[in-house]
Amino acid sequence: MNAQEIQARILYRDALMLVIDKPAGLPVHAGPGGGPNLERSFEHLRFGLPKPPALAHRLDRDTSGCLALGRQHKGLSKLGKLFQEGRIGKTYWAVTTAAPPETSGTISAALKKLTTRAGGWRMIVVSDEEKDAQKAVTDYKVLGSGGGYWWLELNPRTGRTHQIRVHLAHLGCPILGEPQYFAEGSSRPTAKLHLHSRALVVPLYPKKDPIRVEAPPPAHMIPALKACGMVTG
């Protein structure tokens, strides 16, 4: 993205932190094969500082929405500590292709990274006692439904790789457009992933109220969200 495009995605900015609206389909950093990535555009977010901002956390390539960046060493360090301690509130929106078992609840299922025979990897649900198991907990509630879809709000208490995607598939309600954790025997979906980092609540300054930032849902999610009852202005 050029300077105008990346700057148009700024949701919040102060001396220590930026929050941008990450587009779906663009990885946050370069993979082993290189290619386009969001970090390439961070040079356009310096705003007078000697160095560009850096990622304080990650979002999957196909996930859109709120992404926090540290503008300098102090900001990056404070954000890193807050994320590590689980003190940053994270809210996601997802559209699923089946209903969860309850209208609200908590998914507590440990995750583990599994390397595949083809050289790739995926996250799997394992018992808490299994070697290398990572505790993972996600709260959810249904905000609406319609047209064969369910609109969920999710608050992950932990920050494991692919946590929400795996947890919802494990619950029997995979995300619309899920490219990896779809039901065995079904065809690979053609829709984009309907997972959005809706909001962050960041207690960055001890003597001030937490910073609250929201990202509007991306265009590809709007039809399904409206079918589920979301009202837009």
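Checked against the criteria, Thr161 counts as at pLDDT below 95 and touching an Asp or Glu at 6+ places or on another chain (Cβ under 9 Å). Do you know which residues across the range 28-42 are open to solvent by less than 40 Å² (accessible area, probe 1.4 Å), touching a helix residue (DSSP H, G or I) at 6+ places or on another chain (Cβ under 7 Å) and over 16 Å from Ala8 (Cβ atoms)? Result: Val28, single match. Specify the residue that is nearest to Ala8 (Cα to Cα); the eligible residues are those in the range 204-215 that are in a loop (DSSP other than H, G, I, E, B) and in contact with a Leu (Cβ under 9 Å, 6 or more places away or on another chain). For the range 204-215, the residue satisfying everything is Ala215. Considered as a group, the residues in the range 14-50 that are under 19 Å from the mean Cα position of the chain (by Cα) and assigned to a strand (DSSP E or B) include one that is modelled with the lowest pLDDT, and that residue is Gly31.
Among residues of the range 90-113 that are at negative phi, those with a beta-carbon under 6 Å from a residue that is among the aromatic types (Phe, Trp, Tyr) at least six positions away or on a different chain give the pairs Val95/Tyr149; Val95/Trp151; Thr96/Trp150; Ala99/Trp150; Lys113/Trp121. In the condition set (1) outside any loop (DSSP other than H, G, I, E, B); (2) buried (at least 17 other Cβ atoms within 10 Å of the Cβ); (3) of a type outside the set (Phe, Trp, Tyr); (4) more than 15 Å from the chain's Cα centre (by Cα), His196 is compliant with all but (4). Here is the figure for the range 87-110: residues that are out of contact with any Phe, Trp or Tyr (no Cβ under 8 Å at 6 or more places or on another chain), open to solvent by 50 Å² or more (accessible area, probe 1.4 Å) and part of a loop (DSSP other than H, G, I, E, B) total 4.
Within the group Leu143, Leu114, Leu168, Leu154, which residue is within 19 Å of Thr63 (Cα to Cα), part of a strand (DSSP E or B) and not basic (Lys, Arg)? Steps first, answer last, please.
Details: Leu143 fails: within 19 Å of Thr63 (Cα to Cα); Leu114 fails: within 19 Å of Thr63 (Cα to Cα); Leu168 fails: part of a strand (DSSP E or B).
After ruling out the rest, the residue left standing is Leu154.
The values are calculated or read from the model by the stated rules, or taken from the named source; none is laboratory data. Just so it is clear, the structure is predicted and the values come from calculations on it, not from any experiment. Quick reminder, even Gly has a Cβ in these numbers, built from the backbone with ideal geometry, and neighbours come from all protein chains shown. SASA here: full protein model, heavy atoms, side chains in, ligands and nucleic acids out. Shrake-Rupley method; radii C 1.70, N 1.55, O 1.52, S 1.80 Å.
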